[in-house]
Amino acid sequence: MEQDHTEWMERALALARKGEGLTRPNPPVGAVVVRKGQVVGEGYHRKAGGPHAEVLALKQAGRRAKGASLYVTLEPCSTTGRTPPCTDRILESGVSEVVVAAQDPNPNHAGRGLRLLRKRGVRVTTGVCRAEAAELIRPFARWVRDGRPFVTLKLGITVDGKIADRQGHSRWITGAQARHEVQALRRRADAVMVGAGTVIADNPSLWPRPANGRRPLRVIVDGKGRAPSSAHVFTDEHADHTVWAVNKRMTAKRAQRHTAHGARVITIPASRTSSVSSLLNQLGREGILHVLCEGGGDLAESLIRAGCVDEYVFFVSPKIMGGRDSRNAVSGKGWLMAELPELRFIGYKPVGKDIMIRARPKTG
């Protein structure tokens with residue numbers, strides 16, 4: 001039976017992953033209805049305000065849901081929000097069993113839906129594929145717990161930790177397959193963030209290719225207002241999804257040029273460390289769950305010093321750049337040996353000629 005539970009829950013998790021980058025401020029969730037060893041309904045949450053995964057799966061199952069098992073990656077909601085409680089729909093469907101991977105990380109709701117279902121005679125099993133489900137909702141859990149987004153810092157580097165040569169050129173340190181992986185990272189995120197130096201040097205779009213329905217916020221951290229108003233992020237067809245984060249000294253005239261095509265301004269403190277913390281808190285209030293930061297070195301240092309990086313993704317190219325004037329992945333004065341930020345590796349894989357390494361703060 002446990003093996004059967006795992007098989008169907010893995011199917012529900014695969015469905016849930018289709019919703020990553022689409023559901024903010026809700027978490028991605030998948031659900032599968034199984035009757036006599038056959039899938040009779042399935043679905044995943046596609047956008048906030050739309051039907052939840054359980055509702056879609058039960059609707060597809062129809063009358064076949066009676067006496068069936070419902071597999072869902074996250075504890076069903078039991079309160080009214082934009083939509084009615086999923087627990088009501090589950091009880092109406094007549095399913096005899098609900099199998100849940102992860103509990104709701106919100107302490108005000110955790111376990112409430114499960115207790116309600118058990119009280120009404122539904123058999124409830126929890127913890128199937130718990131680790132995978134918890135990984136899926138890490139951004140949501142961070143947002144619920146701390147009110148700020150989960151931050152992934154992505155760095156494409158040479159083996160000696162460089163992101164650009166002494167002339168500021170960085171294209172292309174990593175290969176085409178690594179860049180393909182970056183597009184997948186963008187599709188999972190609710191916002192893509194870079195510093196002004198990256199906009200000046202590369203003039204990136206930051207829009208996922210293909211977007212597959214994703215519309216991430218593009219956040220330009222530019223305390224001194226150095227990024228040109230002619231940059232793609234301020235002038236292209238997605239300009240209304242750009243935020244220009246600057247300090248209070250920015251003039252109204254300059255702001256007007258940068259927002260002419262729909263971008264908007266967020267004010268941040270002048271201090272680099274406090275500025276990124278303030279910015280993330282503001283993004284959290286807008287329901288942004290997951291921020292992908294693509295550098296550069298100054299922004300990377302600020303995020304690390306502020307303790308705001310939840311996950312690192314390194315794309316390491318088999319190249320050596322060297323040189324005291326080339327650009328480091330993390331700028332600033334650095335750390336002394338006794339205070340080095342320490343990471344723990346959680347995964348790696350070859351990506352074309354490069355290696356993709358995932359890591360997290362050792363204490364995270």
Exercise. Tell me which aspartates and glutamates have Cα within less than 13 Å of K248's Cα, excluding those fewer than 8 residues away on the same chain?
Worked result: D222
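Where in the chain are the DSSP H helices whose C-alpha atoms run 18 Å or more along the long axis and whose mean Kyte hydropathy is at least -1.0?
Values: long enough: 2-17 (22 Å, -1.03); 176-188 (19 Å, -1.41); 272-285 (20 Å, -0.34).
Passing helices, by number: 272-285.
Pop the C-beta distance of R264 and N106 into the FRET formula with R0 = 30 Å and round what comes out to the nearest 0.05.
On the way: r = 29 Å, r/R0 = 0.97.
Taking R0 as 30 Å, the efficiency between R264 and N106 is 0.55.
If you wrap a convex hull around the alpha carbons of the chain, what volume per residue comes out, as a whole number of Å³? Intermediate results must be reported in sequence, preceding the final value.
Details: hull volume 54.4 nm³, N = 364.
Taking only Cα atoms, the chain has a hull volume of 150 Å³ per residue.
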Exercise. Per-residue accessible area for T251 at 1.4 Å probe radius, Å² rounded to 10?
Worked result: 70
For this session: Could you please tell me the mean projected area of the C-alpha convex hull for the stretch 193-295, averaged over all directions and given in square nanometres to one decimal?
Result: 6.2
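If I compute solvent accessible area with a 1.4 Å probe over the protein chains, what percent of it on the stretch 290-364 is carbon and sulfur?
C and S atoms contribute 56 percent here.
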Problem set entry | Long-range tail of P(r) for the stretch 1-111 (Cα pairs > 17 Å, %) | 48
For this session: Between the alpha-carbon centers of the stretch 246-265 and the stretch 279-304, tell me the distance in whole angstrom.
Result: 20
For this session: Rounded, prolate or oblate: pick one for the stretch 318-364, where a ≥ b ≥ c are the square roots of the eigenvalues of its C-alpha gyration tensor, a/c under 1.5 means rounded, and failing that, prolate if a/b is larger than b/c, else oblate.
Result: oblate
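Among 59-68, 189-198, what's the highest-first ranking by average C-beta atoms within 10 angstrom per residue? It would help to have the intermediate numbers written out before the result.
Values: 59-68: 16.4, 189-198: 25.5.
Ranked by mean Cβ neighbours within 10 Å, highest first: 189-198, 59-68.
Could you give the accessible area per residue of the chain, probe 1.4 Å, as a whole number in Å²? Could you put the intermediate results ahead of the total?
Numbers: 17590 Å² over 364 residues.
For the chain, the solvent-accessible area averages 48 Å² per residue.
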Exercise. Roughly speaking, what is the centre-to-centre gap between the stretch 98-158 and the stretch 5-21 when only Cα atoms are used, to the nearest Å?
Worked result: 13
For this session: May I ask for the distance between the Cα centers of the stretch 23-49 and the stretch 314-364, given as a whole number of Å?
Result: 37
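So for the chain, averaging the separation of alpha carbon pairs under 8 Å that are six or more residues apart and normalising by length, what relative contact order in percent results?
16
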For this session: Starting from the Cα gyration tensor of the stretch 98-237, take the square roots of the eigenvalues, sort them a ≥ b ≥ c, and report rounded, prolate or oblate (rounded when a/c is under 1.5, otherwise prolate if a/b is larger than b/c, else oblate).
Result: prolate
For this session: Just check the stretch 91-136 against the gyration tensor rule for me: Cα atoms, a ≥ b ≥ c as the square roots of the eigenvalues, rounded for a/c under 1.5, and otherwise prolate or oblate depending on whether a/b exceeds b/c.
Result: oblate
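Magnitude of the Cβ-charge dipole of the stretch 95-158, K/R +1 and D/E -1, about the Cα centre, nearest 20 debye?
On the way: 12 positive and 5 negative charges, 55 e Å.
The dipole of the stretch 95-158 has a size of about 260 debye.
Can you figure out the FRET efficiency of V39 with R123, using R₀ = 22 Å and their beta-carbon distance, to the nearest 0.05? Kindly include the intermediate steps, with their values, before the conclusion.
On the way: r = 19 Å, r/R0 = 0.87.
Given R0 = 22 Å and the Cβ-Cβ separation, E is 0.70.
So which of K18/K319; K47/K224; K47/K154; K319/K362 end up more than 29 Å apart, counting from Cα to Cα? Each step should come with its number before you reach the end.
Values: K18/K319 35 Å; K47/K224 36 Å; K47/K154 26 Å; K319/K362 27 Å.
Pairs exceeding the cut-off: K18/K319; K47/K224.
The values are calculated or read from the model by the stated rules, or taken from the named source; none is laboratory data. Here the structure is a predicted model, which means the values were calculated and not measured. Here Cβ is always computed from backbone atoms with ideal geometry, including for glycine, and neighbour counts include all displayed protein chains. Note: areas computed on protein heavy atoms with side chains; ligands, DNA, RNA excluded. Shrake-Rupley method; radii C 1.70, N 1.55, O 1.52, S 1.80 Å.
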